[in-house]
Amino acid sequence: MIWIGDQLVSEGPGGVYGERMIQGYRLWNPRRSKLAALYHLGKGIDLESHHRVLYLGAANGTTVSHVADYVEVVYAVEPAPRPMQDLIVVARQRKNIIPIMADARRPERYIPLVEKVDIIYQDVAQPDQAEILSVNSRFLVSDGFMVFMLKPRSIDVTRTPAHVAEEVINELSTRGIRTEECVWLSPYYPDHAALICKIS
Amino acid sequence: MNPNEGSYPLLLMKSYWFLDREGGTCHALPHDQRILAERIKQLEGDKTAETPDWEYAVKCGFVKNRGEYLDLLHATALFLAADRIDEESKVDHPELILMVKMLDEIDTVINLLSERSVEWYRALNPEFSRKSEIPRGRKLRDLMRDGSDEALGEILDEIEQLTKRRSTLSGKVSAKAAEFLPNCSALAGGLVAARLAAEAGGIRALALMPGSAIQVLGARNALFCHLSTASPPPKHGLVYQYRGVHGSRKERRGKVARVLAAKLAIAAKIDYYRGESDPVFIEKAQETILNAGRSP
């Protein structure tokens, strides 16, 4: 990862979403991207130039554009048409973003397009997010990592986030996914956790 | 000869987005985004579809190297995504929903501006009282324009303009609704049909709803109040705007709303899945709705 002082940056053509530039690098703001927050907390999987990434919940392509600056190719899955319009604009500038308009719950829809990847990054904020990760783990190489952004408030607002997170970790393990680490993203994102997982 | 050969030809066939591989031979496709995108659509959910193997694409002569493979995949994926957005807007017509939301927002703005103008006028003319018999709408605006502040007069002109825009837009919404929701529009009127679709979150979402949900669309507060406390359930939401509902006697309204909503649920399904008007259905449904309003 590239740091300038204590600022995380990425190298690529700027002006994707009005991000600030520092010495020709694009500032990757931890308050606008949960993945940047994870790196700012000193955790996460370092992105390398040979990595292939499956990105579930690509939205408008803000974080996707930074990931694409670091890795070889990003398969960006997003089901909704409106954010997809923005994502297409980002993907036109960056040839290593492969936009896929599909629901991450139905991976059979994009099996023909997505090869085996080194990292699966998931940020979908849905009640069934654990299941979504599990059905997509088929795309991961056997020693690959999954970075899973967990929003306990999207699963059950009435219980404490820590309790929900524990349950999700248990559910993942029954589905053959081992959680290596659980990182809470405060102060950047209160009540959000990042799980670093592997196939067990 | 191997007995399995020939008897299970499908097992030997592998389909990638860029080529078919049959036994030892492969049939590469042309480098045409349109053709490749069509093929990807066919492969969705196909059991023989394979996770792509770029090395095989090179071996087979489809591309020269990984760089070319990714470039072609990128171009095809962009084409496919744009195509999907297009398809989605063809069935879900997001513009209809945005138009009806715009219409409702213009109403809110007109009401807010009118309220504030009256307050302003009152401050300038203390003898003016809202308790007395005062005109409304255009007549009220004409009254206020006389002998009032110039700035207020200009704002009243703007309200006038907005009112005109509103009626133009309202006509357009009705026309669009008659086109995209022909059956719902015939039963409940274009504006109500469009508002229902907007509240449901799209034409598709409306088509997937049961009648009981359509009946209380737009009565969210009353519905959740009913679910969490012992308050009575709402009889009607947006369907209240249909004259057959708000025009009938109070004790009949619930029944009319229920029957209308049930018929709208069917109409929405015809609109979404068939996309054309069904005169036989409309006639029968209208009769049923009319009967529901009559005293037994």
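Given 37 °C and 0.692 mPa s, how large is the Stokes-Einstein diffusion coefficient of the stretch B:49-199 in µm²/s, with Rh as the Kirkwood radius over Cα pairs?
161 µm²/s
Using a simple charge model, +1 on the beta-carbon of Lys and Arg, -1 on the beta-carbon of Asp and Glu, nothing else, what dipole does the stretch B:46-107 show about its Cα centre, in debye to the nearest 20?
Using only the charged Cβ atoms, the result is roughly 500 debye.
Quick check on chain A: what are the equivalent-ellipsoid semi-axes from the Cα gyration tensor, as sqrt(5λ), descending, whole Å?
Taking √(5λ) for each eigenvalue gives 25, 20, 16 Å, largest first.
Quick one: of the DSSP bridges fully inside the stretch A:50-200, what percent are antiparallel, nearest 5?
40 percent
Express as a percent, rounded to the nearest 5, the fraction of DSSP beta bridges in the stretch A:1-85 (both residues included) that run antiparallel.
60 percent
Within 10 Å of each residue's Cβ, count the other Cβ atoms and sort A:PHE139, B:PHE224 from fewest upward.
Fewest to most other Cβ atoms nearby, the residues stand as B:PHE224, A:PHE139.
Per residue of A:113-126, count partner chain C-beta atoms within 10 Å of its C-beta, then hand back the mean as an integer.
What the average comes to for A:113-126 is 2.
Do any cysteines of chain B lack a neighbour Cys whose Cβ is under 4.7 Å away, and which are they?
B:CYS184, B:CYS225, each lacking another Cys Cβ under 4.7 Å.
From other protein chains only, count the Cβ atoms within 10 Å of every residue's Cβ in A:104-111, then give the mean.
Partner-chain Cβ atoms within 10 Å, mean over residues of A:104-111: 3.
Give the long-range amide H neighbours of A:ILE2: residues separated by 5 or more places, or on another chain, with amide H under 5 Å away, using H modelled in the peptide plane at 1.01 Å from N.
Close amide H contacts, sequence-distant or interchain: A:VAL9.
Taking the beta-carbon count within 10 Å as an exposure proxy, list B:MET209, A:MET21, B:MET102, A:MET101 from fewest neighbours to most.
Starting with the residue having the fewest Cβ neighbours, the order is A:MET21, B:MET102, B:MET209, A:MET101.
Among B:75-84, B:14-23, how do they line up from the highest to the lowest mean number of other beta-carbon atoms within 10 Å?
For the peptides B:75-84, B:14-23, the packing ranking is B:75-84, B:14-23.
Where does the charge balance sit around A:TYR70 when Lys and Arg score +1, Asp and Glu -1, over other residues with C-beta under 14 Å from its C-beta?
Once positives and negatives cancel, what remains is -3.
For the stretch A:86-142, state what percent of all Cα-Cα pairs lands in each successive 10 Å bin, counting from 0 Å until the bin that includes the largest distance.
In order of increasing distance, the bins hold 21, 49, 28, 2 percent.
Quick check on chain A: helices-only [θ] at 222 nm, where DSSP H runs of length 4 and up contribute -39,500 (n - 2.57) each and the sum goes over total residues. Nearest 500, please.
Helix-only estimate at 222 nm: -8000 deg cm²/dmol.
Listing A:HIS192, A:HIS51 from the residue with the fewest other Cβ atoms within 10 Å to the one with the most, what is the order?
A:HIS51, A:HIS192
Work out the mean other chain Cβ neighbour count within 10 Å for the residues of B:77-86 and drop it here as an integer.
6
Can you tell me the relative contact order of chain B? Whole percent, Cα pairs under 8 Å, sequence separation 6 or more.
13 percent
For the protein assembly as shown, what proportion of DSSP beta bridges, expressed in % and rounded to the nearest 5, is antiparallel?
In the protein assembly as shown, approximately 60 percent of DSSP beta bridges are antiparallel ones.
FYI, it's all coordinate maths here, none of it is from the lab. Just so it is clear, the model here is predicted, and its values are computed rather than measured. When we count neighbours, we look across all protein chains shown, and the Cβ atoms used for this are built from the backbone with ideal geometry, even at glycine.
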